[in-house]
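Chemist: Take this structure first; my questions come after.
The values are calculated or read from the model by the stated rules, or taken from the named source; none is laboratory data. Keep in mind that what you see is a predicted model, and the values were worked out from it rather than measured. All Cβ positions, even for glycine, are placed from backbone atoms using ideal geometry, and neighbour counts span all protein chains on display. With ligands, DNA and RNA removed, areas are computed over all heavy atoms of the protein, side chains included. Shrake-Rupley method; radii C 1.70, N 1.55, O 1.52, S 1.80 Å.
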Amino acid sequence: METTLTEELPLESRRLTAVRSLLDLHFGPTPELAATAELAQGVFSVLRAGVHILDESWLRIAAQAGLEIAECASDMSICTRVVQKRDLIIIPDLRAHPELRLMPYVTDGPKLRFYAGVPLELEPGLIVGTFCLLHDEVKTLTDESVETLQRFAVVAEALLRLQRANCMLKISEDNLSEAAMRDPLTRFYNRLALEKIVDANLHAKNGESELLGVLYLDMDGFKAINDTYGHRAGDVTLHEIADRIRQIVRGSDMVVRMGGDEFAIFMPDLGSRDRLKRVAERLLAQFQEPITLDGKAVYAGASIGGIVAEKGDVDRNTLLTAVDAAMYEAKARGRNCFVERTL
């Protein structure tokens, strides 16, 4: 029988992986989990009911009703014992417990007396936390009450799985949306990203610079490469050029393949007017370096237009119109050059 990599991991490593699948997905209270805790508090007439998630060192609160307590170190929590034992724990009187009677939440603060906790499985065999009850008086549970508590745990487990599935689905949807806005050849944004990505970031006040810049470049020799060597060679050329552009731009810059051999580079945090020219000059130098196709050196070259503007002064369409005109002026000057225009 084949053993998967997950099955080969130690149980605690697998458990923590399951826990992180919740915590790393911005895990937090949901109305359904909160309602479950509220219902349990009323059914059992206790001071508090809660859904807890236990990572390697900390107790995380997924939902709680009644007395609100803060998250704490795992070695302070009774729930840690439930996870380690992997079974129900009921302590009618915490003051009578040989170890827990000295805990601060027993001697001070809420002066808790009663605890009952049921392990929660996110996946078969993987305990991620507990569904627990706390009370400030001595209390016992009948067999029927224990069964009811275990049913609450089953509901909480289902809600946790549903929450994780919904988070994963949201991430998948976001990934699909992101993929739809990416050019598969260059991995730069495509025109679909102009409205959804570029417009949202172009004028955002999330940087120190009040200036934004746009470069528009068109490859001068791309058609000749396609005609001479074929479309596959053209794809190789675009892939190589994309890598060269990627080495020059910042992470905050947004590169859009506008179509064919044309690219727009939006710089929402330009920093200084000089940077636009420096980036354009570095791009020109990269485009003048040969590209090897089937052992032969070919040259693409580029004409580049540039615009600098104050944030908030102009919209994206105005910028593109102006920078496109600057690019055509560069072509008119003999190509392989940079022209910067003002609005």
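Chemist: Strictly over 20 Å apart at the Cα level, which of K223/K296; K311/K331; K85/K111; K196/K311; K111/K139; K277/K311 would you flag in this model? Let's see the in-between values first.
Modeler: Details: K223/K296 17 Å; K311/K331 28 Å; K85/K111 25 Å; K196/K311 18 Å; K111/K139 14 Å; K277/K311 18 Å.
Long pairs (Cα-Cα over 20 Å): K311/K331; K85/K111.
Chemist: Another question, then. Excluding R113 itself, calculate the net charge of residues whose Cβ lies under 14 Å from the Cβ of R113, where each Lys or Arg counts +1 and each Asp or Glu counts -1.
Modeler: Details: positive: R48, R95, R101, K111, K139; negative: D93, D108, D136, E137.
Around R113, the charge tally is +1.
Chemist: On a C-alpha basis, how far is the centre of region 313-343 from the centre of region 232-253 in Å? Whole number, if you could?
Modeler: 21
Chemist: Obtain the nm distance between the two label points defined at N190 and S145 by a simple spin-label model: each point lies 7 Å from its Cα along the Cα-to-C-beta direction.
Modeler: 6.3
Chemist: Rg(Cα) of region 81-174 divided by 2.2 N^0.38 Å?
Modeler: Values: Rg = 16.2 Å, N = 94, 2.2 N^0.38 = 12.4 Å.
Cα-based Rg divided by the globular estimate yields 1.31.
Chemist: GNM on the chain, C-alpha springs below 10 Å: top fluctuator among T17, T292, T237?
Modeler: Looking only at T17, T292, T237, the biggest GNM fluctuation is shown by T292.
Chemist: Nearest 20 debye, what's the magnitude of the dipole of region 11-175 about its Cα centre given +1 on Lys and Arg Cβ and -1 on Asp and Glu Cβ? Before the final figure, lay out each step's value.
Modeler: Numbers: 17 positive and 23 negative charges, 39 e Å.
It works out to roughly 180 debye.
Chemist: Which net charge results for the neighbourhood of T36, defined as the other residues with beta-carbon distances under 14 angstrom from its beta-carbon, given Lys and Arg at +1 and Asp and Glu at -1?
Modeler: Counting the neighbours of T36, the net charge comes to 0.
Chemist: As a test of reading the structure, rank D243, D108 by solvent-accessible area (1.4 Å probe, protein chains only), most first.
Modeler: Greatest to least solvent exposure: D108, D243.
Chemist: With a 1.4 Å probe and every protein chain left in place, tell me how much accessible area D93 has, in Å² to the nearest 10.
Modeler: Roughly 40 Å² of D93 is accessible to a 1.4 Å probe.
Chemist: Share of the chain's accessible area from carbon and sulfur, percent, 1.4 Å?
Modeler: Working: 8850 of 17420 Å².
Here it works out to 51 percent.
Chemist: Still on this structure, please answer the following. Equivalent ellipsoid semi-axes for region 192-341, as square roots of 5 times the alpha carbon gyration tensor eigenvalues: give them largest first, rounded to whole Å.
Modeler: 28, 15, 14
Chemist: Give the separation of the Cα centroids, region 31-85 to region 270-293, in Å.
Modeler: Comparing the Cα centres of region 31-85 and region 270-293, I get a distance of 57 Å.
Chemist: Counting just the Cα atoms, what span does region 11-175 cover along each of its three principal axes? Round to the nearest Å and put the largest first.
Modeler: Extents along the principal axes: 53, 29, 27 Å.
Chemist: Another one. Which of the listed residues, A49, G260, A297, is farthest toward the dipole's positive end in the chain, when Lys, Arg count +1 and Asp, Glu count -1 at the beta-carbon?
Modeler: The residue sitting farthest along the positive end of the dipole is A297.
Chemist: Using helices alone, I'd like the mean residue ellipticity at 222 nm for the chain: each DSSP H run of four-plus residues gives -39500 (n - 2.57), total over residue count, nearest 500.
Modeler: Details: 11 runs with 142 residues, N = 343.
Estimated from H runs of four or more residues: -13000 deg cm²/dmol.
Chemist: Report the label-to-label distance for K85 and E32 in nanometres (one decimal), using points 7 Å from each Cα along the Cα→Cβ vector.
Modeler: Here the answer is 2.9 nm between the modelled labels.
Chemist: Here are a few candidate values for percent of Cα pairs over 32 Å apart: (i) 31; (ii) 54; (iii) 35. Which one was actually calculated from the structure I just gave you?
Modeler: (ii)
Chemist: Using 7 Å Cα-to-Cβ label points, what is the T228/N201 separation (nm, one decimal)?
Modeler: In this crude spin-label approximation the distance works out to 3.5 nm.
Chemist: Work out how much length E99 to A297 would gain on full extension: take 0.36 nm times their residue separation and subtract the Cα-Cα distance, in nm to one decimal. Walk me through the intermediate numbers first.
Modeler: Working: separation 198, 0.36 × 198 = 71.28 nm, distance 7.76 nm.
Gain on stretching E99 to A297: 63.5 nm.
Chemist: Roughly how many Å² is the accessible area per residue of the chain, as a whole number, for a 1.4 Å probe?
Modeler: Numbers: 17420 Å² over 343 residues.
Result: 51 Å² of accessible area for each residue.
Chemist: For region 73-78, just list the computed ³J(HN,Hα) in residue order, Karplus coefficients 6.51, -1.76 and 1.60, θ = phi - 60°, integers in Hz, with x standing in for Gly and Pro.
Modeler: Those phi angles translate into 5, 4, 6, 8, 8, 5 Hz.
Chemist: Checking understanding here: applying a Kyte-Doolittle mean of at least -0.5 and a length along the axis of at least 27 Å (C-alpha), which whole DSSP H helices in the chain pass? Can you show the working numbers first?
Modeler: Values: long enough: 143-180 (55 Å, -0.03).
TM-like helix candidates: 143-180.
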